[in-house]
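Colleague: Got a structure for you, questions after.
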Amino acid sequence: MSALSNTRLAWFNGQFMPEGQVMIPFRDRSWKYGDGAFDMTRTFEGQPFRLKEHIDRFYRSLRYLRIDPGVSPKEMVAVSEEIVARNEHLRAAHGDWWVGQRVSRGVDAVGDEGWEHTGPNVVVEVLPLPLKARARHFRDGADVVVPPQRRTAPDMLSPRAKTHNYLNMIVAEQPVKAADPEAWAVLLDVNGNLAEGLGSNIFIVRDGALQTPREKFVLPGVSRQMTMDLAGQLGIACAERDIDLFDAANADEMFLTSTSLCILPVRSFNGQVVGDGKVPGPVTKRLTDAYIAAVGCDFVKQYLDRL
């Protein structure tokens, strides 16, 4: 296979191949039950962001699910870097990539089907970031709406594991998207406090200090941690705590963090303007500028250039 293929390459169970040739058997438990885990980072100018931290989190999810991928974390990092390198010639048309690692528990075999492979199925992939689709949010700010469905409780299934079963958040997001396709859903936890959205963490700013939901009730995002680290460096107080709807209604600023978004300011919450309605707010702006400096890529400009 030429390294300069005009289709994206993926890594599947030890082999590099065009992503269209990656075939998961229909009896795979991830396809049947969502029985698998994944993680996802992004590139900045083609360089993966905090790849080791993402892979470490990935293996914590796998350990929780008791799935052994048969690949060490070090090998997973190396394969991920190789996939980025092999697709680099295709990146310019897109800007930057998501870089994903996926592991399923594998095939439920009766024993007479002749499957060549029944252990875990492992995929490493890249796909373009949706820069154009999200550009407007960086200009105007995001609109966050809380759906009626709550985030799965930690004593049922830990939200700290990034599993292939996203139905809780998918179903919760549907009424939000039906009312406003551009809105972002953020679920409450079982106690009625802010939790997270589908792939995003939330922060509020009150009196110059940051607050974000406790790790027990959310997937602890790598970009969430990056933001907390930057706050420490900038002397901005930051606390993990329960944030209820009263706290959210009285926030001076609000923003979402995620691998692809980095930091996205929020302009309204449940239809009500956040603070004075100007985005980004001063604390959000300081954190965004520090984030841009740290990663060496102006991600805000990267999005706005797609308008």
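The values are calculated or read from the model by the stated rules, or taken from the named source; none is laboratory data. Here the structure is a predicted model, which is why all the values come from computation and not from measurement. Positions of Cβ are generated from backbone atoms using ideal geometry, with glycine treated the same way; all protein chains shown enter the neighbour counts. Surface accessibility is based on the protein's heavy atoms, side chains included, excluding ligands, DNA and RNA. Shrake-Rupley method; radii C 1.70, N 1.55, O 1.52, S 1.80 Å.
Colleague: Would the range 1-128 count as rounded, prolate or oblate if I go by the C-alpha gyration tensor, calling it rounded below 1.5 in a/c and otherwise prolate when a/b exceeds b/c, oblate otherwise? Mind dumping the intermediate values first?
Modeller: Details: a/c = 2.33, a/b = 1.45, b/c = 1.61.
Oblate, because a/c is 1.5 or more while a/b does not exceed b/c.
Colleague: Now a separate question. How would you rank 30-37, 200-207, highest first, on the average number of other Cβ atoms within 10 Å across their residues?
Modeller: Highest mean packing first, the order is 200-207, 30-37.
Colleague: Can you give the % of DSSP beta bridges in the chain that are antiparallel, to the nearest 5? Provide the component values of the computation, followed by the final result.
Modeller: Working: 42 of 50 bridges.
Taking every DSSP beta bridge with both residues in the chain, the antiparallel ones total about 85 percent.
Colleague: Moving on to the next point. Mind ordering 256-262, 126-132, 108-114, 283-289 by average Cβ neighbours within 10 Å, highest first?
Modeller: Packing proxy ranking, top to bottom: 256-262, 283-289, 126-132, 108-114.
Colleague: In the range 215-278, which trypsin sites (Lys or Arg not before Pro) are in a loop and have at most 16 other Cβ atoms within 10 Å, using DSSP for the loop call?
Modeller: Sparse-neighbourhood loop trypsin sites (Lys or Arg not before Pro): R241, K278.
Colleague: Run the helix sum for the chain: -39,500 (n - 2.57) per DSSP H stretch of 4+ residues, divided by residue count, reported at 222 nm to the nearest 500 deg cm²/dmol.
Modeller: Mean residue ellipticity at 222 nm (helix-derived): -9500 deg cm²/dmol.
Colleague: I need the Kirkwood Rh of the range 144-257: take the reciprocal of the average 1/r across all distinct C-alpha pairs and report it in angstrom.
Modeller: Working: mean 1/r = 0.0697 Å⁻¹.
With all distinct Cα pairs of the range 144-257 included, I get 14.3 Å.
Colleague: Does the range 208-295 come out rounded, prolate or oblate by the C-alpha gyration tensor, with a ≥ b ≥ c the root eigenvalues, rounded set by a/c under 1.5 and, if not, prolate when a/b is larger than b/c and oblate if not?
Modeller: Cα axes put the range 208-295 in the oblate bin.
Colleague: While we're here: Based on the alpha carbon coordinates of the chain, what radius of gyration and maximum Cα-Cα distance (Dmax) apply, in Å?
Modeller: Taking only Cα atoms of the chain, I get Rg and Dmax of 19.8, 66 Å.
Colleague: For a quick check: with amide H placed at 1.01 Å from N, whose amide H comes under 5 Å from A195's, ignoring anything fewer than 5 positions away on the same chain?
Modeller: Here L187, L188, D189 satisfy the definition.
Colleague: Same structure, new question: With a cut-off of 8 Å between alpha carbons and a minimum separation of six or more residues, what is the relative contact order of the chain in percent?
Modeller: In percent, rounded to a whole number, it is 18.
Colleague: Using a probe radius of 1.4 Å on heavy atoms only, what accessible surface per residue do you get for the chain? Whole Å² is fine.
Modeller: Per-residue accessible area for the chain comes out at 46 Å².
Colleague: Heavy atoms only, probe 1.4 Å: what % of the accessible area of the range 205-248 goes to carbon and sulfur, would you let me know?
Modeller: Carbon plus sulfur share of accessible area: 47 percent.
Colleague: Here is a further query. Could you compute the FRET efficiency for D180 and N250, with r as their C-beta to C-beta distance and R0 at 22 Å, rounded to 0.05? Could you put the intermediate results ahead of the total?
Modeller: Details: r = 23 Å, r/R0 = 1.04.
After rounding to 0.05, the efficiency reads 0.45.
Colleague: Separate question: Sequence neighbours fewer than 8 away in the same chain don't count; with that in mind, list the lysines whose C-alpha is under 20 Å from K301.
Modeller: K132, K278, K285
Colleague: What are the ³J(HN,Hα) values, in whole Hz, obtained from phi via the Karplus relation 6.51 cos²θ - 1.76 cosθ + 1.60 with θ = phi - 60°, for each residue of the range 217-225 in sequence order, with x given for Gly and Pro?
Modeller: 9, 9, 6, x, x, 5, 6, 4, 5
Colleague: Also: Name the GluC sites (Glu not before Pro) in the range 128-201 that are in a loop by DSSP and that have at most 15 other C-beta atoms within 10 Å, would you?
Modeller: Counting only loop positions with at most 15 other Cβ atoms within 10 Å, the GluC sites (Glu not before Pro) in the range 128-201 are E182.
Colleague: Carbon and sulfur: what percent of the range 3-143's accessible surface (1.4 Å probe)?
Modeller: 52
Colleague: So, how do all the Cα-to-Cα distances of the range 1-58 break down into 10 Å bins, in percent, from 0 on up?
Modeller: 18, 35, 39, 8
Colleague: Out of the chymotrypsin sites (Phe, Trp or Tyr not before Pro) in the range 80-172, which ones are loop residues according to DSSP with at most 16 other C-beta atoms within 10 Å?
Modeller: Hits after loop and neighbour filter: W115, Y166.
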